[in-house]
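What follows is calculated from the coordinates using simple rules that are stated; it is not laboratory data. The shown structure was predicted, so the numbers you read here are calculated from the model rather than taken from an experiment. Note that each Cβ is placed from the backbone with ideal geometry, even for glycine, and that neighbours are counted across all protein chains shown.
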Amino acid sequence: MSGDAEGLLGVAAAGFAPPTFKVALPESEDDLRAAGDLLVDSCRRAALLGAPHVRIFSFYRDGEPDPERAARIARQILDGIRLPVPLVVETGTRTNTPTMRHLVTFLDALGRDDVGMLWDPGNSVFSGWDPKPFPADYELGRDRIRHVHVKDPDSTRGYVRLGDGDLDWPAILRRLAEDGYARFVSLETHWRHGRQLTAAERDEPWGEAFSRDGYAASVECMQRLRGWVDEILPEGTRSWVCPRFHRSSCSAPSAPVLPPWHRCSTPRSTPSTESSPSTESFPICCTGGAQRKMSGLDIYG
């Protein structure tokens, strides 16, 4: 989305999240070239959208996490590539950085200032590598966090409704605010009514199979997340979900092409249907719920 489109539509891209480096560690020149090509194309698309970053992974692991080896290969791919937007590396369930401590090791070995962290504590719990990533694991890299994914695991068994799992999200959100975090927190709804997502659906979070039953679950989780954020907002402001969300997830032909969620701040006494991005706290958006491919504007988690 260009800057002009952002101003016209009143929405902002929270980030661009392709499956870059979400593959096994490259072993051949062809593998390295393919990974590099995907990264370059992802950065090109992110720049067109005005996204603040491109999310990447640290490659699937085979056995124990090996963040230093993954970083050496990532550095080999990145060398010589001009990045028009910064990168963030996710704490990924099956990757070489399932926790913050692994990600710190990866970034230190990578040695680049234009690569930050996407902290997903739900992945850390679900991976089995850290049943309680907050506050200890958070402390290790809090100054390098550029994006946060919000979901709630039930140990390694699956994901549950936000607030019913292992993570104390109200405490995490308060701490983020206290530490001056002013970027997006992104609801990544891996919970569904009456079913668990399969491993394949979690690895490829797009399409009809993944999105089935996601809308109702996302609304329910977003209501809780919105309530927690409201509690820590400055007096006189409130968060709200743009009513256009309901149309953006509609299957009707007239539905506009818009990202599914964004959060704004407006005086409590002045309801509005126009969005004005807040600078007073971090915004919230939604990925990983009821998503449809909409001309490349979806931001996948």
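R157 to V23: FRET efficiency via 1/(1 + (r/R0)^6), r the Cβ-Cβ distance, R0 30 Å, to the nearest 0.05?
0.70
For segment 28-172, I need the span (max minus min coordinate) of the C-alpha atoms along each principal axis, in Å, sorted largest to smallest.
44, 35, 25
Length gain on complete extension for the stretch W206 to A171, per 0.36 nm per residue less the alpha carbon to alpha carbon distance?
Once the chain is fully extended between W206 and A171, it gains 9.6 nm.
I'd like the Karplus ³J(HN,Hα) series for segment 121-131: coefficients 6.51, -1.76, 1.60, θ = phi - 60°, whole numbers in Hz, and an x wherever there's a Gly or Pro.
After applying 6.51 cos²θ - 1.76 cosθ + 1.60, I find x, x, 4, 4, 5, 5, 5, x, 8, 7, x Hz.
What number comes out for the charge environment of I81, summing +1 per Lys or Arg and -1 per Asp or Glu over other residues with Cβ under 12 Å away?
+1
How far, in nm, would the chain grow between R112 and R75 when pulled straight, counting 0.36 nm per residue and subtracting the alpha carbon separation?
Here the answer is 12.4 nm.
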